[in-house]
1. Mind ranking 418-429, 331-342 by how tightly packed they are, going by the mean number of other C-beta atoms within 10 angstrom, highest first?
2. If you stretched the chain out fully between Lys362 and Thr111, how much longer would it get, using 0.36 nm times the residue separation minus the C-alpha to C-alpha distance?
3. Report the Stokes-Einstein translational diffusion coefficient (µm² s⁻¹, integer) for the stretch 230-349, Rh taken as the Kirkwood radius over Cα pairs, at 20 °C with viscosity 1.002 mPa s.
4. Measure off 7 Å from each Cα along the Cα-to-Cβ vector at Glu252 and Asn325, then give the distance between these two points in nanometres to one decimal.
5. For the chain, what is the mean residue ellipticity at 222 nm derived from helices alone (per DSSP H run of n ≥ 4: -39500 (n - 2.57); sum divided by total residues; nearest 500 deg cm²/dmol)?
6. Tell me the volume per residue, in Å³, of the convex hull enclosing the alpha carbons of the stretch 315-422.
7. Across the stretch 156-228, what fraction of all alpha-carbon pairs, as a whole percent, falls in each successive 10 Å bin from zero upward?
8. Principal axis extents for the chain, Cα atoms only, whole Å, descending order, please.
Amino acid sequence: MEKSPTADPVLHDLPEATLKELDRIEKMFELDAAYLRRIVDQFVADFRKGLSKYGEPMAMIPTYVSGVPDGSETGTFLALDLGGTNLRVCEVTLQGNHKFSLRQQKYKVSTELKTGEAKALFDYMADSVDHFLTDRAVDAENEETLHLGFTFSFPVEQSALDKGLLLTWTKGFSAKNAVGNDVVGLLQDAFDRKHLHVKCTALVNDTVGTLMSRAYLSGSCLLGAIFGTGTNGAYVEDVNEIKKLSPEIRKELGDHVTKMIINGEWGAFDNARKVLPVTMFDNKLDRESINPRFQLFEKFISGMYQGEICRNLLLYLVDNGYLFNGYSTAQLNSHYGLDTSVMDAIHAANMNSSSQSIQTRKVLIEQMGFQPNQVSDEDTEIVLWACRTVATRAARLSACAVAAVMEQTKNVGNALDVGVDGSMVQFYPGFEDRLRAALRDLVGGDAEKKVTIGMAKDGSGVGAALGALMAKKQADGKAQAVAQP
Ligand code: BGC
């Protein structure tokens, strides 16, 4: 565990009343080993529920992908990746021997597109693919149809590799007339409206893409996890454990299919608030969000929300006279006005406490709109403490999800590979160290050491390409790895 404020030598300079208040708040965020254990037990119970019944908050979605790549795969495919923040179009060439090359273009998705009509959003995606192909000087009019894998990072109940109904939007998206529809159909219609010679042949969640691309790179992988704008994990499960698969689907899969990738949708863990330690800062975030009472776990740990939790905490301290002498700024006052990247920037100076203080002061002035005379040394200490408190809880909770998959798959103590991606792991200083510390609390030092955590760089793009390759093999009748219900 990290030090409590009263144990911190710098924070000792703060007035007694402030220290007492910070200590009280820190206790709300603290997760000791026993608490982590309760969370993991609930996680595993929810995994089992989701595997046995459709419609559970922890959706445990069967992906109909029953094998992971081994790195020998080859081919060139288009990939379209709609994540939480960016839209990317890529051309991925799988070279075999665990290597790939990738050319990509990023496109911005405006708030209007995220929250307007779904048709406009899907038309924009088709326009972006069109632009990418034009840029690449491919005559899409005359070329033979290009195969595209679609990484769509939202909960979709899949019924085939190229078919799935959107269950709900997350991460600030709310485009109308999409929920309940087949997202591949929506995309293909948009391509067809533009007369593009592009066929979407595979739909993969970003976690599935991460898992597959990590397996392609390293030869094996049990879990693909995203700790980014949103959070989620996909892992390899025994088909026998997926009790909700109907006898017809099992028959169709055949006896040779013994494993299947499950997209857990763990961002929805504990929507019922049974175990997560909901503080007043979390509750404020949730009730002011566009999806109150949904994605509770995601709201504790992902990049979209950590800045906002921190902002709520800082404003509480301002309002109660502990911080900035009661002042705030328009930026700090505005909803989502403290981006998680600001927390990253504050922690970036992770050297000694005085350089951290200087960096924090700089960020508060340059990015949060404070006047230099409004920020005292004590204020910077408190802001640093707040960022650390929120981020440490997030990393420790992230470990619970990883441990739950290890336990569910009976892999505690085995050597295993976890592929990760997302802004929290990429940019948040110390995220993996803190996650590992909590994993040690949960599964013990020996088991923790056997877990390799590796970035699945460009996982979504490579994963989509691998999905498109599977679809091609399936169409050619060679697919042992993929089955459809
Ligand atoms: C979505 C998941 C996705 C995750 C990470 C969540 O909000 O529901 O489908 O995998 O974000 O991008």
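Here, each number is a calculation from the coordinates, and none is a lab measurement. These figures come from a predicted structure and were not determined experimentally. Heads up, the Cβs are rebuilt from the backbone with ideal geometry, glycines too, and the neighbour counts pull from every protein chain shown.
1. Values: 418-429: 23.1, 331-342: 17.2.
So the order, starting with the most tightly packed, is 418-429, 331-342.
2. Stretched out fully, the Lys362 to Thr111 stretch lengthens by 87.5 nm.
3. Translational diffusion coefficient: 124 µm²/s.
4. 6.9 nm
5. Dividing the helical sum by the residues of the chain leaves -14000 deg cm²/dmol.
6. Given the Cα convex hull of the stretch 315-422, per-residue volume reads 137 Å³.
7. Going out from 0 Å in 10 Å bins, the stretch 156-228 shows 17, 38, 34, 11, 0 percent.
8. Principal extents (largest minus smallest coordinate, Cα): 72, 47, 39 Å.
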